[in-house]
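What follows is a short report on a single structure.
The values are calculated or read from the model by the stated rules, or taken from the named source; none is laboratory data. None of the values given here were measured: they were computed from a predicted structure. Please note: Cβ atoms are built from the backbone with ideal geometry, for glycine as well, and neighbour counts cover all protein chains shown. The protein model used for the area step is the full one, side chains on, heavy atoms only, and it has no ligands, DNA or RNA in it. Shrake-Rupley method; radii C 1.70, N 1.55, O 1.52, S 1.80 Å.
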Amino acid sequence: MTLSAEIILSKDKFIADLSDGRRVEQPDFLKMAQALFQIGVRANHLYFDWRNGTKMITAGTQVAMVAEIRQLESAGRKHSKAA
């Protein structure tokens, strides 16, 4: 089963609701990207949301989070090929 994450920004922290029911909270987008990668969420399974009472996640932050996970995915592929 593919694990996906719906991400919001609330009170200066990122909150990701995962498709398996778990929730991840991190203070910045880089730590969120790293945490999501570690638990198996891939870059093409991130969804950004805005809800009443939350802050909008800027396009730049969305792109940066996706790029960080893609970089981690790429580094993982390179590492596994070298082994």
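In order along the stretch 37-44, the phi-based Karplus estimate (6.51 cos²θ - 1.76 cosθ + 1.60, θ = phi - 60°) of 3J(HN,Hα) comes to 4, 4, 9, x, 7, 9, 4, 7 Hz; Gly and Pro are listed as x. If one computes the Cα centroid of the stretch 55-71 and of the stretch 1-44, what distance in Å separates the two points? Taking the Cα centre of the stretch 1-44 as reference, the centre of the stretch 55-71 is 11 Å away.
With a 1.4 Å probe and all protein chains left in place, how much of the accessible area of the chain comes from carbon and sulfur atoms, in whole percent?
Working: 2820 of 5300 Å².
Ligands and nucleic acids excluded, carbon and sulfur give 53 percent.
For the chain, which chymotrypsin sites (Phe, Trp or Tyr not before Pro) are both in a DSSP coil and crowded by at most 14 other Cβ atoms within 10 Å? It would help to have the intermediate numbers written out before the result.
On the way: sites: Phe14, Phe29, Phe37, Tyr47, Phe48, Trp50; in loops: Trp50.
Those satisfying the criteria are Trp50.
Scan the chain for trypsin sites (Lys or Arg not before Pro) in coil per DSSP, keeping those whose Cβ has at most 13 other Cβ atoms within 10 Å, and list them by number. Don't skip to the end; give the middle numbers.
On the way: sites: Lys11, Lys13, Arg22, Arg23, Lys31, Arg42, Arg51, Lys55, Arg70, Arg77, Lys78, Lys81; in loops: Lys11, Arg22, Arg42, Arg51.
Qualifying residues, ordered by number: Lys11, Arg22, Arg51.
How large is Rg/Rh for the chain, to two decimals, with Cα atoms and a Kirkwood Rh?
Working: Rg = 13.0 Å, Rh = 13.0 Å.
Using only Cα positions, Rg/Rh for the chain is 1.00.
With the simple model of a label 7 Å out from the Cα in the direction of the Cβ, Met1 to Asn52 spans 3.1 nm.
Please give the length that would be gained between Asp28 and Asp12 if that part of the chain were fully extended, namely 0.36 nm times their separation in residues minus their C-alpha to C-alpha distance (nm, one decimal). Let's see the in-between values first.
Values: separation 16, 0.36 × 16 = 5.76 nm, distance 0.81 nm.
The span from Asp28 to Asp12 would gain 5.0 nm if fully extended.
Residues in the chain average 64 Å² of solvent-accessible surface per residue, probe 1.4 Å, ligands and nucleic acids excluded. Among the lysines of the chain, pairs at least eight places apart or on separate chains and with Cα atoms under 26 Å apart come to 7.
Given Cα pairs under 8 Å that are at least 6 residues apart, what percent is the relative contact order of the chain?
31 percent
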